[in-house]
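Just so you know, all these numbers are worked out from the coordinates, no wet-lab data involved. Please read all numbers here as calculations on a predicted model, not as lab measurements. Backbone-built Cβ (ideal geometry, glycine too); neighbour counts: all protein chains shown.
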Amino acid sequence: MSQPPETSSTAPDQVTEAQLRDSLRRCSEQTIQAALAYRQTKAPAHTLPVVVGIIERYVDPELRAKLTEAGEDLRLVEDLGLDSLTMMEIVMLVEEVVGLTISNDELRGLLTVGDIRTFIDRKAAGLDASPASPVGDHPAAAAQA
């Protein structure tokens, strides 16, 4: 009897360092180290470096300095020029790295780097992270309504 083929749907807690490094291959070593630290500790302090590092991977090189200069109010669309397809790619990679699921409805409320960090921190802690929660109360979210 043959063995079933291996699948790439490894549970987040079972992802090896090599697999994580492969997923983050175009990210900085600082991002990879923060992701490894988050995987080991689940400490929220590691989420912002992971998220910023992943976003940096997708941002045009001339805009990357904004990520280090600006704070959590940095807007993903207006300041970094990210479109919805790129946002989906970022979200999928963040989901893979931190082991959380983000729905399309939740994604709509994530307008800034800080929104993403807060959302991930709340979701990792098992708290309500839906757009109706404090993440969705961002002033820019109200302007879109």
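Sequentially through the range 27-33, phi angles give Karplus couplings (6.51, -1.76, 1.60; θ = phi - 60°) of 9, 6, 4, 4, 5, 4, 5 Hz, Gly and Pro residues having no value and appearing as x. Cα centroid separation, the range 31-53 to the range 57-73: 18 Å. What number comes out for the charge environment of residue 28, summing +1 per Lys or Arg and -1 per Asp or Glu over other residues with Cβ under 14 Å away? Net charge in that neighbourhood comes out at +3.
Would you please classify the overall shape of the range 14-144 from the alpha carbon gyration tensor, given that a ≥ b ≥ c denote the square roots of the eigenvalues, rounded means a/c under 1.5, and beyond that prolate means a/b larger than b/c while oblate covers the rest? Note, shape of the range 14-144 comes out oblate. Near residue 112, the amide H atoms lying under 5 Å from its own belong to 76; only residues 5 or more places off or on other chains count, and H is placed 1.01 Å from N.
A dipole drawn for the range 14-144 from +1 and -1 charges on Cβ atoms has a positive end, and of 102, 85, 59 the residue lying farthest that way is 102. Evaluating 6.51 cos²θ - 1.76 cosθ + 1.60 at θ = phi - 60° for every residue in the range 61-77, the Karplus couplings come out as x, 6, 9, 4, 4, 4, 5, 8, 7, 8, x, 6, 7, 4, 7, 5, 7 Hz, glycine and proline recorded as x. A simple rule links phi to the HN-Hα coupling: the Karplus curve 6.51 cos²θ - 1.76 cosθ + 1.60 with θ = phi - 60°, which for the range 116-129 gives 5, 4, 4, 4, 5, 4, 5, 5, 5, 7, x, 8, 5, 10 Hz, with x for Gly and Pro.
For residue 73 and residue 33, a Förster radius of 30 Å and the Cβ-Cβ distance give a FRET efficiency of 0.75, rounded to the nearest 0.05. Only Lys, Arg, Asp and Glu carry charge here, each on its Cβ (+1 for the first two, -1 for the last two); on that basis the range 14-144 has a dipole of about 380 debye about its Cα centre. Placing dummy labels 7 Å off each Cα toward the beta-carbon, the span from residue 18 to residue 64 is 2.7 nm.
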